[in-house]
Amino acid sequence: MAAEPLRGAASSSLGAIDLSGAIDFNNYQPENGADYPFGGFGEALVSTAAMIKADIGLECVQIDINGWDHHSNMGPSSGVLANMLADLSGGLEAFYTDLQAELGGVTLVVMTEFGRRVAGNGSAGTDHGHGSVMFVLGGNVNFVLSIHLSAMKHLNRDAVDLAKLVGTVTFSVQGKFSVERNILKRPGQWIKSN
């Protein structure tokens, strides 16, 4: 008799529930004076830190923060964006501070799924474009990104000539993998560097 198609996934899910049930999330105490921000993002980071410290074999966690689509009234120095960036940076600082003893096995990546234009749009906001950002932190992360500053002027156009956006990324995490490549020297094509 063939195995039921969802048996393995269900068994794995039930095992994960049992593992997480053994963690006392409500009484978790951050270490090293870490002070997580109030709200959903801070709570998700606290839960993630608790799972990491419980050493349950956690491999990956995804935490989403909504509300970054600021077409108007962005408020980069005081306003919605400033508050969101303060929450993000406070959360990252607390997570990093809390996990000092575990950082050798932790890699945190902060990124967006779409870009913004560099220039404002006339409504005190920015529209969708090609400018973006990624942060990577952890105990064993060596990350270098270089991009020619002259290419930044192209980030405000609707159609970007990708051949003009030339940069190099070197990304190495925990000795497990390393990537070094040029970013889109020709449209649609990755070119490995030596």
First in the range 93-105 and more than 13 Å from Gly138 (Cβ to Cβ), second anywhere and open to solvent by 40 Å² or more (accessible area, probe 1.4 Å) and of a type outside the set (D, E, K, R), Cβ under 6 Å, 6 or more apart: Thr97/Asn32; Asp98/Pro30
Breaking point among (1) in contact (Cβ under 8 Å) with a residue 12 or more places away in the chain; (2) surrounded by fewer than 17 Cβ atoms within 10 Å (Cβ to Cβ); (3) under 18 Å from Gly125 (Cβ atoms); (4) not polar (S, T, N, Q), for His70: (2)
Under 9 Å by Cβ, and 6 or more places apart or on different chains, what pairs join a residue from the range 24-50 that is among the aromatic types (Phe, Trp, Tyr) with one that is assigned to a loop (DSSP other than H, G, I, E, B) and open to solvent by less than 80 Å² (accessible area, probe 1.4 Å)? Tyr36/Pro30; Phe41/Ile63; Phe41/Ile65
Breaking point among (1) exposed (fewer than 15 other Cβ atoms within 10 Å of the Cβ); (2) modelled with pLDDT of 85 or more; (3) within 26 Å of Gly67 (Cβ to Cβ), for Gly105: (3)
Do the conditions hold for Asp98, that is, is it open to solvent by 50 Å² or more (accessible area, probe 1.4 Å) and of a type outside the set (Val, Ile, Thr)? no
Give the number of residues within the range 17-57 that are over 22 Å from Leu92 (Cα atoms), among the small types (Gly, Ala, Ser) and surrounded by 13 or more Cβ atoms within 10 Å (Cβ to Cβ). 1
For the range 73-95, give me the residue count where each residue is in contact with a Ser or Thr (Cβ under 9 Å, 6 or more places away or on another chain) and open to solvent by less than 50 Å² (accessible area, probe 1.4 Å). 2
Can you give me the number of residues within the range 73-86 that are touching a residue at least 12 places away in the same chain (Cβ under 8 Å) and assigned to a loop (DSSP other than H, G, I, E, B)? 3
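The values are calculated or read from the model by the stated rules, or taken from the named source; none is laboratory data. The structure displayed is predicted, hence computed values, not measured ones. Cβ atoms come from the backbone with ideal geometry, glycine included; neighbour counts cover every protein chain shown. Remember, those area values only see protein heavy atoms, side chains included, never the ligands or the DNA or RNA. Shrake-Rupley method; radii C 1.70, N 1.55, O 1.52, S 1.80 Å.
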